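Asker: A single structure is presented below for examination.
The values are calculated or read from the model by the stated rules, or taken from the named source; none is laboratory data. Keep in mind it's a predicted model, so treat the numbers as computed, not measured. Cβ placement follows ideal geometry from the backbone for every residue including glycine, while neighbour counts extend to all protein chains displayed. These accessible areas exclude ligands, DNA and RNA; they are computed on the full protein's heavy atoms, side chains included. Shrake-Rupley method; radii C 1.70, N 1.55, O 1.52, S 1.80 Å.
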Amino acid sequence: MHAGNLEKAIKLVRGARKVTVFTGAGISAESGIPTFRDTGGLWQEFPPERFAHWQGLLKEAWHHPELVARFVLGVIEPVARAVPNPAHHAITRLQQRITTTVITQNIDGLHQEAGTQDVREIHGSLFKLIDRSGTLVRTLHRADLQALAQHLQGMLHDNVTLLKLLASFRNVLGVDFKGIVRPNIVLFHDAMAEPDWQRAQQDAQWCELMIVVGTSAQVYPAAMIPHQAHQRGCPIIEINPVTGEFGGIFLKGKASEILPQVVQKAR
Ligand code: NAD
């Protein structure tokens, strides 16, 4: 990492009164939740054009229920086991000192589990089950996802059918997934999760500093948020092991190593 950039970032955090942290899948990578686009990510085995929208998923479930069982397992199993890592905890510490909001594209609930408040989950949450009208039906716990993952794993040893797949959702989670109840997650073609999306856009106008952590910036409209902040002259710090995308001060490296350093040194 460029030492000059680290110093600049520390200075910016020290001077800021209103901070927004914008996070993507990379912040949870070190909690054991793989990103989707990196090598070995879920999209390599399950192409997004088939699996990342409800219509495609239903079609796949009809024709290839075993594939869908493996896809669901691929999504929920790492989340079921995950705990917050030092990057999530560093944001909580930052929030204890400076007014801070968090906009996350993640559906894994790890910011809240680390004790962070004012988290905008713009792509929804794997833990919230909603009905057709969008009303919250049930909030799941990590243990529920663990039970479902275990059940699906057992099922994969057998012949997976659509009926068995639906029965496993009903029996383990106590809900009917036949288009009636579903997790409140935003897939391709879906509207962004509200009221969080509205609040995220307000944050982009409100913050004096935006810290962008672990996002490829390829998912829109989410990626508009750092661009909006940048365009109105808000300084941006970007933490990523590969590259920065928003023209900010780039800190190359892993979120769990860099973010705690920045927060600690800015005290
Ligand atoms: P992405 O998969 O497109 O990109 C991940 C980014 O994280 C990459 O730029 C990568 O270089 C970076 N990264 C990898 N390891 C890192 C680390 N240790 N520290 C910091 N950065 C690291 O992810 P995205 O941009 O968030 O978009 C993918 C979509 O998939 C999002 O909508 C997100 O909701 C969803 N998703 C969520 C989770 C989750 O909830 N944990 C996991 C995977 C994907």
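Asker: Within region 62-146, considering only helices (runs of 4 or more DSSP H) that don't extend past its boundaries, which have at least 3 residues that are open to solvent by 10 Å² or more (accessible area, probe 1.4 Å)?
Answerer: The qualifying helices (runs of 4 or more DSSP H) are 65-81, 86-97.
Asker: Oh, and also: Being touching a strand residue (DSSP E or B) at 6+ places or on another chain (Cβ under 7 Å) and hydroxyl-bearing (S, T, Y) is the requirement here; does T101 meet it?
Answerer: Yes.
Asker: Then there is this: What number goes with the only condition from (1) touching a Phe, Trp or Tyr at 6+ places or on another chain (Cβ under 7 Å); (2) free of Cβ contacts under 8 Å to residues at least 60 places away in the same chain that I103 does not pass?
Answerer: Against the list (1) touching a Phe, Trp or Tyr at 6+ places or on another chain (Cβ under 7 Å); (2) free of Cβ contacts under 8 Å to residues at least 60 places away in the same chain, I103 comes up short only on (2).
Asker: Still on this structure, I have one more. Which number in (1) part of a helix (DSSP H, G or I); (2) modelled with pLDDT of 95 or more marks the one condition that V19 misses?
Answerer: Tallying (1) part of a helix (DSSP H, G or I); (2) modelled with pLDDT of 95 or more, V19 fails exactly one: (1).
Asker: Something else: For residues in region 226-243 being assigned to a loop (DSSP other than H, G, I, E, B) and of a type in the set (A, V, I, L, M, F, W, C), which is surrounded by the most Cβ atoms within 10 Å (Cβ to Cβ)? Break it down stepwise before answering.
Answerer: Initially, region 226-243 is screened for residues assigned to a loop (DSSP other than H, G, I, E, B), giving 232-235, 241-243.
With of a type in the set (A, V, I, L, M, F, W, C) added as a condition, the list becomes 234, 242.
Working: C234: 20, V242: 10.
Among residues in region 226-243 that are assigned to a loop (DSSP other than H, G, I, E, B) and of a type in the set (A, V, I, L, M, F, W, C), the one surrounded by the most Cβ atoms within 10 Å (Cβ to Cβ) is C234.
Asker: Count, please, the residues in region 244-261 that happen to be part of a loop (DSSP other than H, G, I, E, B) and either within 12 Å of the ligand (Cβ to nearest atom) or within 19 Å of the chain's Cα centre (by Cα) (or both).
Answerer: So the count comes out to 5.
Asker: Using the structure shown, decide if G115 is of a type outside the set (S, T, Y), on the phi > 0 side of the Ramachandran plot and more than 13 Å from the ligand (Cβ to nearest atom). Even if it seems obvious, please write down each step before you answer.
Answerer: Values: of a type outside the set (S, T, Y): yes; on the phi > 0 side of the Ramachandran plot: yes; more than 13 Å from the ligand (Cβ to nearest atom): yes.
Here the answer is yes, as G115 does meet what is asked.
Asker: Also, quick follow-up: Any residue at all in region 192-214 that's under 20 Å from G244 (Cβ atoms), open to solvent by 30 Å² or more (accessible area, probe 1.4 Å) and touching a residue at least 24 places away in the same chain (Cβ under 8 Å)?
Answerer: Yes, the conditions are met somewhere in region 192-214.
Asker: Can you find a residue in region 202-214 that is more than 24 Å from Q96 (Cα to Cα) and of a type outside the set (D, E)?
Answerer: No, every residue in region 202-214 fails to be more than 24 Å from Q96 (Cα to Cα) and of a type outside the set (D, E).
Asker: In this structure, is S125 within 16 Å of the ligand (Cβ to nearest atom) and of a type in the set (S, T, Y)?
Answerer: For S125, the condition - within 16 Å of the ligand (Cβ to nearest atom) and of a type in the set (S, T, Y) - is met.
Asker: Would you call V172 more than 16 Å from the ligand (Cβ to nearest atom), among the β-branched types (V, I, T) and open to solvent by 10 Å² or more (accessible area, probe 1.4 Å)?
Answerer: Yes, satisfied.
Asker: Can you report the number of residues in region 40-54 which are more than 9 Å from the ligand (Cβ to nearest atom) and without any contact (Cβ under 8 Å) to a residue 24 or more places away in the chain?
Answerer: 6
Asker: Further question: What tally of residues in region 151-160 results from selecting those that are open to solvent by 20 Å² or more (accessible area, probe 1.4 Å) and in contact with an Asp or Glu (Cβ under 9 Å, 6 or more places away or on another chain)?
Answerer: Qualifying residue count, region 151-160: 3.
Asker: So, one more: Which members of region 215-225 meet the condition of being in contact with a helix residue (DSSP H, G or I) (Cβ under 8 Å, 6 or more places away or on another chain), open to solvent by 10 Å² or more (accessible area, probe 1.4 Å) and β-branched (V, I, T)?
Answerer: Listed by number, the list holds a single entry, T215.
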